[in-house]
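Novice: To start, I am sharing the structure in question, which I have written as structure tokens.
The values are calculated or read from the model by the stated rules, or taken from the named source; none is laboratory data. Keep in mind the model is a prediction, meaning the values are calculated, not measured. Heads up, the Cβs are rebuilt from the backbone with ideal geometry, glycines too, and the neighbour counts pull from every protein chain shown.
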Amino acid sequence: MRRGERKRTDPDLGILTTRLFFGIQRELFATLAEQGYGDLRAQHGAVLAHLDEDGTRATDLAHRSGQHKQVIGKLVDELEALGYVERRPDPSDRRAKLVVPTGRGLAQMRDSDAVLAAIEARHAEAVGRDAYAGFKRTLRAVAEAGTATR
């Protein structure tokens, strides 16, 4: 077997999840651009995908996304300049700030959820709804087990 052929014929979990992730990401951001969100970059997903409607601390966004706090800070700065989020004092701790979606941010979050639901429905249709539900349960368990050991 030639070098690299094994990964093409029997890709490991990293390769498979990377293909899935980047495929979904490309479709999501292309569709969002068509819907009027062409100013977003895929990197902004590290914030937008993990943002709660009532706001989230940057440290929590960093933890949820697996990104460094400095990266999240830069992305929040960009999203704030684009009008998707704003920083507000955290009512539970006035020293802390929450990253809160604006009206545009909330609309983008809803539109993003709809695009992702359509992608998932298409995948479920392709492999069968029960098989897809089982796949998601298994993938979630594997992902959670992987993060528990770190």
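Novice: Would you mind stating whether ALA143 is in a helix (DSSP H, G or I), in contact with a helix residue (DSSP H, G or I) (Cβ under 9 Å, 6 or more places away or on another chain) and loosely packed, with under 12 Cβ neighbours inside 10 Å?
Specialist: yes
Novice: Return a yes/no flag: does region 81-99 have any residue that is touching a helix residue (DSSP H, G or I) at 6+ places or on another chain (Cβ under 7 Å), surrounded by 11 or more Cβ atoms within 10 Å (Cβ to Cβ) and assigned to a helix (DSSP H, G or I).
Specialist: Looking through region 81-99, none of the residues is touching a helix residue (DSSP H, G or I) at 6+ places or on another chain (Cβ under 7 Å), surrounded by 11 or more Cβ atoms within 10 Å (Cβ to Cβ) and assigned to a helix (DSSP H, G or I).
Novice: If you don't mind, there's one more thing I want to ask. For region 74-87, does any single residue satisfy the condition of being under 27 Å from GLU144 (Cβ atoms) and touching a residue at least 12 places away in the same chain (Cβ under 8 Å)?
Specialist: yes
Novice: While we're looking at this one, here's another question. Applying the selection to region 120-135, what residues are under 19 Å from GLY23 (Cβ atoms) and either outside any helix (DSSP H, G or I) or in contact (Cβ under 8 Å) with a residue 12 or more places away in the chain (or both)?
Specialist: GLU120, TYR132, listed by residue number.
Novice: Just name the residue that is modelled with the lowest pLDDT out of those in region 7-39 that are among the small types (Gly, Ala, Ser) and more than 21 Å from GLY105 (Cβ to Cβ).
Specialist: In this case the residue turns out to be GLY14.
Novice: With the structure loaded, tell me whether THR31 is within 22 Å of GLU144 (Cβ to Cβ), among the β-branched types (Val, Ile, Thr) and surrounded by 17 or more Cβ atoms within 10 Å (Cβ to Cβ) or whether it fails that test.
Specialist: Judged against the criteria, THR31 is not a match.
Novice: I would also like to ask the following. Regarding region 51-58, can at least one residue be identified that is surrounded by 13 or more Cβ atoms within 10 Å (Cβ to Cβ) and either free of Cβ contacts under 8 Å to residues at least 40 places away in the same chain or among the aromatic types (Phe, Trp, Tyr) (or both)?
Specialist: Yes: region 51-58 contains one or more residues that are surrounded by 13 or more Cβ atoms within 10 Å (Cβ to Cβ) and either free of Cβ contacts under 8 Å to residues at least 40 places away in the same chain or among the aromatic types (Phe, Trp, Tyr) (or both).
Novice: Same structure again: Does region 84-98 include one or more residues that are farther than 30 Å from TYR132 by Cβ, of a type in the set (Val, Ile, Thr) and at pLDDT 95 or above?
Specialist: There is at least one residue in region 84-98 that is farther than 30 Å from TYR132 by Cβ, of a type in the set (Val, Ile, Thr) and at pLDDT 95 or above.
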